[in-house]
Each structure stands twice: as structure tokens, then as C-alpha cells.
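Here is the structure we will look at, set down as C-alpha cells.
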Amino acid sequence: MKLIEYFKIKIKKPILSQEEMVKENQKKKYYTQLEQASSRLESIEILVANNKNNDSFILGTHLAVDIFNLFANYYKMKNLFTIEEVKASIGSFSDSKVKDLFEKCEFITNYKPNIDPTDEYCEAMETSVSGLLHGTEKFFKHINRTDLFTPMDEFNRRWKTQSSIAVFIAVFIFGSLVIDAISKPTIHKDVAQFYYTTEPNTNFTEEQSVRTPLEMIDKGQWKEIAFDIPEGTKPFQLIRFDPLTQVKAKFTLAEVKYLSANGKIIFQRDFSLTENLFPANTSQLGDFHDFKPGKNKVGGFMEMVTTGTDPYITFDLPSKIAVAKVIFKIRVLEDFKKFEE
């Protein structure tokens, strides 16, 4: 079959002639007989391994007869019933390759009645009939591709090839999507969180924190994230900003504003970068957790990339202040994309 034929989609099975249908039935019959022979050989191996010599010997003789009759059916010869008859009929095969196959099976050619099947003898018998069956399988595999070949074989071969190609393509595409999803994850809607402490030398707690949704409809665009602070909260000692909870997200922080209850800005600072690529007043910045530096430049804003699922920044304040609202100006985008300037 030409290579181009393997890529032609043909769903309808070929219509076989009477002669071709006979060949298909023959192949099915031979396949069934070979399966039965393989099953019998497996039983012999188990019996030999467990020193069941008499039983393995009897099965060995039956297997030799079965294999002979498989060839006899193909060559339209008379079926035999005993291994003695098989030994005497090896020369009746016109095909020299088949004759050689049986002559190499020492279990048949050296067979003697009333023999005592010792462990050694049965192991040699197992090896001998195994070689005979292996040679038989190769013979009929060749016959299926030549004398018994029909358009159905061509149809099946084409479908196997096309199925293999389809599976390969599907696995390749799926694998690429999985790898892409792992290496280039898409960021999605999240929750930003703001922590604060009101007493010196205390840890951040969920009770002293505020959450707000982080929408991803306008990825890469500047947005303000506002946190309303509960009324009556004491002045802040230390604050912490958790912008999101996702890996490989590009994050830029432009400024933070602290507002009073009437909306007046009490204090604000921006995060534009100086010549050393750090914001001014870096002493007021604390820990950067699950972040790595992004592509920063002088005059731009502090850009970072998340490396874990718990990224946060802690801040100290120039003075302890009581506020009603905190607003962060940020933008977020997938790490493999670029912000529009």
C-alpha cells in the first residue's frame, strides 16, 4: 500500500468475494487454534514448574499433535491423533520450511513410548514444543500477509495506522496544552487581603484583616484596590498587603493611600523606582514573600512576579496613624505577557 493510502479516510468496509470470505474464515480459525495452543503451552510451563511431570508430558504430546493438525488443515492433509503418527508423517510435508520446523523439535523426533518423564526431560520437552509453536506463529503470520491476504487486511491496516496517528496527535495536543497550562497558567478572579497590627510586637491575624475581590476582567490595566477599615480601629503599627494567591502572576505596585473617614488623604506614597531600582524610603518596606523581581526600570513602578501561592509585602509607617480606608494602585497580568505602557 502506498503511503498516501494510509491517510485516506474510508469508513465503509470492502465488499469481499466468496474466495476472500473463505480466506477470512480460515484466518479466524487459525488464530483461534494458535490461541488455544498458546494456552496449552502456558499450562505445560506451570506443570513443569511444579514438577507435575506426567501431566506436562501428556499435554506436550497433545500440543505437538495440535500444531501438526494446524498445518494439516492448511495443506488439506489428514488430521492425526497421536504423536507417533506425527513423528511418522513429518516427511509428508511438501514445504521444506515446515518439514525443518518439525524436524528441529526434538521432543517429536526423539519421542519413544513408555518413556519416564523426568524433570530434565520435561524441561527439554517444554523448550522443544515452545520453539515449535513460535515457528508456527511466524509461519501463519507470513501466510496471513501473503496467501490469505484480502482487502479487509488493507482496510484494517489503514484504520490501525490512522488510529495510531490520531492518538499520537491527540496526546501531542493534550500534552502541549497541559505543559502550556503548567508553564503559562492563566490568572483568574481572586481575593486581595490587607492585614494590620495595632499593638507593638504582635503578629498578623485573620481577625485584624480585611478582604476585597480582585477582578480579572481588565487584566494589565491599573486599578485601585480599596480596603475599608473597621470603625474604631486603633492606629496601625505595621501593615501587610496580600495582592493575590496565584503563581506566575506579574504584579506592579504604583502607590498606596491612607484615607480618613471623610475621605481626606492622611498619608500616601508611590513606588516609582530611583536610580538604584528601588523605591524611595526603602526602610519602610519589610518582607517580600513569594515574590521575585520583574522587569524594572528607573522611573517605572515596582514590578514583581509571584513564585508561590502566598505572596505578600509588609510595610512600616513613618508615623502611627488611624485610618478609615487604604487604597492600593496596582495592575496584574500573566507572567508570560507584557504590560502595555
* Structure fact -> Note: among 241, 278, 227, 271, just one is assigned by TED's automatic domain parsing to the domain that holds residue 314, surrounded by 11 or more Cβ atoms within 10 Å (Cβ to Cβ), closer than 21 Å to residue 311 by Cα and in contact with a Pro (Cβ under 6 Å, 6 or more places away or on another chain), namely 271
* Hey, can you tell me all the residues within region 193-213 that are of a type in the set (Ser, Thr, Tyr) and either loosely packed, with under 10 Cβ neighbours inside 10 Å or assigned to a loop (DSSP other than H, G, I, E, B) (or both)? => 198, 202, 205
* **Residue tally, condition among the hydroxyl-bearing types (Ser, Thr, Tyr), surrounded by 14 or more Cβ atoms within 10 Å (Cβ to Cβ) and either within 19 Å of residue 147 (Cβ to Cβ) or not assigned by TED's automatic domain parsing to the domain that holds residue 123 (or both), over region 45-98** => 1
* Asked: Among all residue pairs at least 6 apart or on different chains, which show Cβ distances below 7 Å where the first residue, located in region 264-291, is in contact (Cβ under 8 Å) with a residue 40 or more places away in the chain and the second is surrounded by fewer than 12 Cβ atoms within 10 Å (Cβ to Cβ) and of a type in the set (Phe, Trp, Tyr)?
  -> none
* **Residue satisfying condition, being in contact with a helix residue (DSSP H, G or I) (Cβ under 8 Å, 6 or more places away or on another chain) and in a helix (DSSP H, G or I), within set 176, 89, 164** => 89
* Filter region 308-341 for residues that are assigned to a loop (DSSP other than H, G, I, E, B), among the β-branched types (Val, Ile, Thr) and crowded, with 18+ Cβ neighbours inside 10 Å and give the result. => 323
* Asked: Is it the case that region 289-300 has a residue that's polar (S, T, N, Q) and either surrounded by fewer than 18 Cβ atoms within 10 Å (Cβ to Cβ) or closer than 20 Å to residue 208 by Cβ (or both)?
  -> yes
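The values are calculated or read from the model by the stated rules, or taken from the named source; none is laboratory data. Given the structure is predicted, the values throughout are model-derived calculations rather than measurements. Using ideal geometry, Cβ is built from the backbone for each residue, glycine included, and neighbour counts are taken over all protein chains shown.
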